[in-house]
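Here is the structure we will look at, set down as structure tokens.
The values are calculated or read from the model by the stated rules, or taken from the named source; none is laboratory data. Worth saying up front: this structure is predicted, and the values here are computed from it rather than measured. Here the Cβ positions follow ideal geometry from the backbone for every residue, glycine too, while neighbour counts run over all protein chains shown.
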Amino acid sequence: MMRLKEIFEDRFKEVLAAAKEGELRCLNGKRWDGDAVLIVVDASLDSIGLNYFKIVVPRVKRFYTDYVKTGEISSFNAFSKLSPEDARLRRIINNRRVWHAAIAISRVLSGIKEDNELDSDFDALRYWAERANHKEWKNDEIGRINGVGLITFQYLRMQAGVDTSMPDKIIKRVAEREFGVHANDDLLFVEEMERLSKEIGYSQILLCWAIWLRESDMGKNEWEVL
């Protein structure tokens with residue numbers, strides 16, 4: 001009988017290299033080339049269930065072109081001063097909840113950076129992520145933000161380099177179908193994914209990337225892990 005690790009490697013072999021790249025970018029603080037503002041925009045857009053590769057990624061790139069590349073937004077502090085009603089933001093995606101969440105998250109992280117005299121915005125994101133507890137996410141300053149659920153909370157932590165998982169519907173469906181991971185609630189699912197990770201010998205981040213990549217409807221040559 002094949003061990004779980006062998007089953008995983010066999011069923012996900014076509015995406016393992018790309019999943020490893022995604023894992024390394026997260027662990028090394030290199031998602032979106034280490035731009036913490038873009039990481040927050042990514043997570044906020046992803047929070048409303050959009051197709052990641054076809055919708056979220058292009059809109060984060062447009063935010064980069066319109067705001068970051070121009071030098072207009074170079075920090076959490078600068079982003080936190082925008083309004084969710086900003087017409088240019090709403091042209092990227094016309095959803096107030098997304099921009100409210102992104103701006104509010106930026107405001108919290110800007111405060112963490114200042115209060116702890118950290119060198120960069122990414123340092124603030126990682127400082128928060130490493131100290132955040134998914135079991136207490138509803139009491140967390142970021143977890144209390146309207147539009148930030150457990151999935152977004154965990155996704156932010158993953159992008160900051162914390163090896164954890166997120167209970168989104170795709171990951172839950174595949175983990176149950178392929179590996180028998182079943183949990184009655186999302187917090188328990190996160191714990192079960194940690195157990196699976198230890199049994200298989202791959203990080204939780206890599207497992208999530210492998211599932212996302214294999215389950216996406218993009219062709220192999222179209223994968224782009226940012």
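Scanning the stretch 107-159 for residues that are surrounded by 21 or more Cβ atoms within 10 Å (Cβ to Cβ) and basic (Lys, Arg) turns up LYS113, ARG157.
Return the residues of the stretch 94-105 that are surrounded by 19 or more Cβ atoms within 10 Å (Cβ to Cβ), in contact (Cβ under 8 Å) with a residue 40 or more places away in the chain and of a type outside the set (Phe, Trp, Tyr); say none if nothing qualifies. Answer for the stretch 94-105, where residues must be surrounded by 19 or more Cβ atoms within 10 Å (Cβ to Cβ), in contact (Cβ under 8 Å) with a residue 40 or more places away in the chain and of a type outside the set (Phe, Trp, Tyr): VAL98, ALA101, ALA102, ALA104, ILE105. When GLY49 is tested against (1) assigned to a helix (DSSP H, G or I); (2) among the small types (Gly, Ala, Ser); (3) more than 22 Å from ALA129 (Cβ to Cβ), only condition (1) is not met.
When we screen LEU24, LEU45 for residues that are surrounded by fewer than 20 Cβ atoms within 10 Å (Cβ to Cβ) and under 16 Å from the mean Cα position of the chain (by Cα), the only hit is LEU24.
Among the residues of the stretch 168-192, those identified as over 16 Å from PHE153 (Cα atoms) and assigned to a helix (DSSP H, G or I) are ILE170, LYS172, ARG173, VAL174, ALA175, GLU176, ARG177, GLU178, PHE179, GLU192.
Scanning the stretch 49-69 for any residue that is acidic (Asp, Glu), crowded, with 17+ Cβ neighbours inside 10 Å and farther than 17 Å from ILE205 by Cα turns up nothing.
VAL162 fulfils the conditions (1) modelled with pLDDT of 95 or more; (2) of a type outside the set (D, E, K, R); (3) under 14 Å from the mean Cα position of the chain (by Cα); (4) part of a helix (DSSP H, G or I) except for a single criterion, (4). If you scan the stretch 122-166, which residues turn out to be under 25 Å from GLU21 (Cβ atoms) and of a type in the set (S, T, N, Q)? The answer is THR152, GLN154, GLN159, THR164, SER165.
Residue-by-condition table, conditions (1) at positive phi; (2) aliphatic (A, V, I, L, M); (3) modelled with pLDDT under 95:
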position	(1), (2), (3)
ILE48	no, yes, yes
LYS81	no, no, no
GLU85	no, no, no
ILE93	no, yes, no
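Looking across the stretch 131-177, the residues that are free of Cβ contacts under 8 Å to residues at least 40 places away in the same chain, over 28 Å from ARG214 (Cα atoms) and out of contact with any Lys or Arg (no Cβ under 8 Å at 6 or more places or on another chain) come down to ARG131, ASN133, GLU136, TRP137, ASN139, ASP140, GLU141, ILE142, GLY143. Residue count for the stretch 1-46 satisfying the condition of being among the polar types (S, T, N, Q) and at pLDDT below 95: 0. Determine if the stretch 120-139 includes at least one residue that is at positive phi and in the same structural domain as ASP42 (by TED's automatic domain parsing). Scanning the stretch 120-139 turns up no residue that is at positive phi and in the same structural domain as ASP42 (by TED's automatic domain parsing).
Across the stretch 104-120, the number of residues qualifying as in a helix (DSSP H, G or I) and over 16 Å from the mean Cα position of the chain (by Cα) comes to 9.
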